[in-house]
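Shown next, in structure tokens, is the structure this report addresses.
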């Protein structure tokens, strides 16, 4: 991908941003009509001259109606910490007049500004648009559609225009805005554009208030039925248990061992200590359910893989359903990264969904994932296996886990690329 194409797209994008802040869509149409009429105008053609005169008069009157300065404003927005992808949410914005000689009259409009949606050249050069291979050679060489796709992804959604209902003689205006995320991850607003429109709605005149805020968009959540998983042997209802070191009354005595610095004096076994001549301390254990592991297969390269996005939505939906049933997985694995479910956190579900919001691909092969087998052999009886590519390698990995007595529930996107028979629960998302 040529660097000069990237530089040209970057300059064009910034120029279009300036145009969008000066003209409304209707205004662009009127100005284009006026320019076209000017090129073909002929005094003898009275109809064209009349149309040109009307368009020119509208443009001039619209400009004159915007004479004057907007007051200096301050802004506070109240965004949620997190939300779900593709789910619209409302939030409040407060504008305060910092300095103004005259009261604000007319209508004001508000529009958020995306936080630097332009990609770097490295990202632009190495991130193909989904389905780009189907475009013609010229489009692939120029990379224009790739640029548009990356811009839209980085923006994170459309930024609607909000009309502010002004209150007379008030220095503070509070109104409601809305946003619908179009991707997961962190989405930021670098500021807001506050503007007025001309009398005919052709031009805009406003100020930019720099004020950075952001929120995290979780993967899209949809209803998830866990009944079929339980019926097929998956889920978290297995009988396997594990031992955890505990102290206090009510726990089973496991064994005696030599006393070590830091051990509680209360747990010293005096009778055995007297017989052996060395201090012995008691070890306790508690049997608890082994729980489950949710594994996200991220063995691929690239960004914004559609199958992976669907996969994360499925995993997030399953987590929400298991949270309702008070059966969150004990461990979440994204490739070789291991995350234990925080038991003492006020909102453990949000912390797990936050992990999925920032999950990315890795070039590590599924065959080389040693940590998965280690985690499962030590502390789990159930595995939720999510993969964007269901081929022989994934089947073999799941088969090996199921052979160890662990209930496997496998979820995948796209086609089933293995011809082997079904031996565990499978579901296509």
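Listing for the model above:
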{"read-out": "Chain lengthening between residue 263 and residue 88 when straightened (0.36 nm per residue, less Cα-Cα)", "value": "57.6 nm"}
{"read-out": "Shape category assigned to segment 3-218 from the gyration tensor of Cα positions, a/c cut at 1.5", "value": "oblate"}
{"read-out": "Degrees between helix 25-40 axis and first principal axis of the chain (Cα, 0 to 90, nearest 10)", "value": "40"}
{"read-out": "Volume of the Cα convex hull of segment 39-93, divided per residue and given in Å³", "value": "201"}
{"read-out": "Between 0 and 90°, nearest 10: helix 144-155 axis offset from the chain longest Cα axis", "value": "70"}
{"read-out": "Computed over the chain: relative contact order in percent, which uses C-alpha pairs under 8 Å that are six or more apart", "value": "15"}
{"read-out": "Relative contact order (%) - criterion: Cα under 8 Å, at least six apart; region: segment 3-218", "value": "30"}
{"read-out": "Three semi-axes of the equivalent ellipsoid, segment 387-426, Cα gyration tensor, whole Å, largest first", "value": "17, 10, 8"}
{"read-out": "Förster-model FRET efficiency, 35 Å R0, residue 403 and residue 358, C-beta, rounded to 0.05", "value": "0.60"}
{"read-out": "Value of [θ]222 nm, deg cm²/dmol, for the chain, DSSP H segments ≥ 4, -39500 (n - 2.57) each, nearest 500", "value": "-10000 deg cm²/dmol"}
{"read-out": "Where only alpha carbons of the chain are counted, the Rg and the Dmax (Å)", "value": "30.9, 123"}
{"read-out": "Cα long-axis angle, helix 348-357 against the chain (0 to 90 degrees, to the nearest 10)", "value": "60"}
{"read-out": "Residue 56 paired with residue 14, simple spin-label distance in nm, labels 7 Å along Cα-to-beta-carbon", "value": "3.5"}
{"read-out": "Of all DSSP beta bridges in the chain, antiparallel share, percent nearest 5", "value": "70"}
{"read-out": "Per-bin percent of Cα-Cα distances, segment 104-197 [5 Å]", "value": "2, 11, 17, 16, 13, 11, 9, 7, 5, 3, 2, 1, 0"}
{"read-out": "Cα gyration tensor category, rounded, prolate or oblate, for segment 1-120 with a/c compared to 1.5", "value": "oblate"}
{"read-out": "Relative contact order for segment 305-429, counting Cα pairs under 8 Å that sit 6 or more residues apart, in percent", "value": "24"}
{"read-out": "Between segment 24-38 and segment 56-121, the Cα center-to-center distance that results, in Å", "value": "24"}
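Each reported figure results from applying straightforward, stated rules to the coordinates on display, with no laboratory input. It should be emphasised that the depicted structure is a prediction, and the values quoted were computed from it without experimental measurement. Note that we place each Cβ from the backbone using ideal geometry, even for glycine, and neighbour counts take in every protein chain shown.
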